[in-house]
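Step one of this worksheet: look at the structure below.
The values are calculated or read from the model by the stated rules, or taken from the named source; none is laboratory data. Note that the structure is predicted; figures quoted are calculated from it, not measured. Glycine gets a Cβ as well: all are built from the backbone with ideal geometry, and neighbour counts include every protein chain shown.
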Amino acid sequence: MRGSIALIGFGEAGSTFARAGDWSLRAAAFDVDPARGAAMAELGVAPCADAAEALSGASLVLSLVTADQALGVARACAGLIAPDALFCDMNSVAPGTKREAAAAFAKAQRRYVDVAVMAPVNPARMAVPLNISGPDAAEAQGLLRAIGFTRTAIAGNAVGRASAIKLVRSVMVKGLEALTAEMMLAAHAEGVADEVLASLDASDKTIPWATRADYNLDRMLVHGRRRAAEMAEAAQMLRDLGIAPMMTENTVRRQQALGQLGLTPPPEGFAAKLAAITANDTSNTISTGEN
């Protein structure tokens with residue numbers, strides 16, 4: 001592909017894609033954490049002092065920041081990218097947030113694409129499913145395939161459609177994780193975890209519940225803060241639709257509470273995870289719900 005790739009944000013997603021896609025010498029990146037410059041250089045990605053430097057000459061921009069920073073980053077980049085470049089907003093934010101960002105690009109006469117990352121970037125890496133929407137979705141799909149993404153789908157011509165599919169799905173997926181944590185903490189406290197899991201297995205044979213519970217707890221302990229930010233956007237989406245996000249708002253709280261414990265990497269097995277959660281919940285936020 002012509003030109004270069006610009007990465008705004010070089011956390012787990014940005015570094016994983018740069019490594020797996022082998023973007024050495026084709027990519028430049030900017031991250032607010034200067035310590036990540038060493039990881040960029042190690043992968044052959046040019047570290048930049050600011051977003052303007054990273055965007056200079058780039059024909060494809062991938063925004064991979066935290067959900068709470070996504071709109072501000074998009075607005076800042078709208079006036080910086082080249083006229084023919086594509087800005088792919090790959091952050092997990094509400095459809096309305098993506099539309100606000102797109103409006104800033106339209107005002108600047110620049111092009112914006114809504115991209116939803118539909119699964120964890122690890123271990124899928126370049127095979128992670130991407131939903132793409134917006135007037136320039138087809139061109140973005142071609143460019144994303146050219147740099148190594150193998151599972152892309154166009155969700156429609158309207159910005160926000162790809163993110164709507166992701167966040168409506170997240171209401172269920174992240175909500176189930178949060179409910180799993182609540183269930184397992186109660187089962188652990190009562191000493192009936194094995195019996196509860198066996199009872200669930202009796203009615204649902206797809207995945208053993210011990211495995212599912214361990215996985216859900218693992219996801220929240222490792223990524224809870226990021227997932228909480230995503231679910232805050234999902235709650236905003238529901239409010240935009242006139243739906244009270246009662247379950248979703250408390251999913252935000254549960255994900256945030258587990259993520260901020262800092263148990264990374266988590267211990268192996270759900271019993272060890274629960275013990276570590278209980279031992280590290282010094283503020284009683286998780287056990288009592290007090291703030």
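Among residues that are of a type in the set (A, V, I, L, M, F, W, C), in contact with a strand residue (DSSP E or B) (Cβ under 8 Å, 6 or more places away or on another chain), over 27 Å from A228 (Cα atoms) and assigned by TED's automatic domain parsing to the domain that holds V128, A74 is not included. Would you pick out the residues in the range 117-134 that are among the hydrophobic types (A, V, I, L, M, F, W, C) and without any contact (Cβ under 8 Å) to a residue 60 or more places away in the chain? M118, A119, A124, A127, V128, L130, I132 - these are the residues of the range 117-134 that are among the hydrophobic types (A, V, I, L, M, F, W, C) and without any contact (Cβ under 8 Å) to a residue 60 or more places away in the chain.
The C-beta contact set for the range 91-116 (first residue part of a loop (DSSP other than H, G, I, E, B), second residue surrounded by fewer than 18 Cβ atoms within 10 Å (Cβ to Cβ), distance under 6 angstrom, 6+ apart or interchain) comprises A108/G79.
For (1) modelled with pLDDT under 90; (2) over 23 Å from M90 (Cα atoms); (3) buried (at least 23 other Cβ atoms within 10 Å of the Cβ), each residue gets a yes or a no:
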site: D218; (1), (2), (3): no, yes, no
site: H223; (1), (2), (3): no, no, no
site: E233; (1), (2), (3): no, no, yes
site: I243; (1), (2), (3): yes, yes, no
site: M247; (1), (2), (3): yes, yes, no
site: T251; (1), (2), (3): no, no, yes
site: Q255; (1), (2), (3): no, no, yes
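Could you tell me whether any residue of the range 28-42 is under 21 Å from A137 (Cα atoms), outside any loop (DSSP other than H, G, I, E, B), in the same structural domain as E139 (by TED's automatic domain parsing) and hydrophobic (A, V, I, L, M, F, W, C)? No - not one qualifying residue is present in the range 28-42. Residue count for the range 226-257, restricted to those that are within 19 Å of P120 (Cβ to Cβ) and among the basic types (K, R): 3. When the range 141-191 is filtered for residues that are in a loop (DSSP other than H, G, I, E, B) and under 16 Å from L238 (Cα atoms), only G160 remains. Taken together, the residues in the range 151-193 that are acidic (D, E) and under 20 Å from the mean Cα position of the chain (by Cα) amount to 1. Could you say whether any residue in the range 190-200 is modelled with pLDDT under 90, buried (at least 16 other Cβ atoms within 10 Å of the Cβ) and of a type in the set (A, V, I, L, M, F, W, C)? No, the range 190-200 has no match at all.
Would you mind stating whether A101 is crowded, with 24+ Cβ neighbours inside 10 Å, at pLDDT below 95 and within 22 Å of the chain's Cα centre (by Cα)? No: the conditions fail for A101. Being under 14 Å from the mean Cα position of the chain (by Cα), part of a helix (DSSP H, G or I) and surrounded by fewer than 24 Cβ atoms within 10 Å (Cβ to Cβ) is true for just one of A124, A138. Which residue is that? After applying the criteria, what remains is A124.
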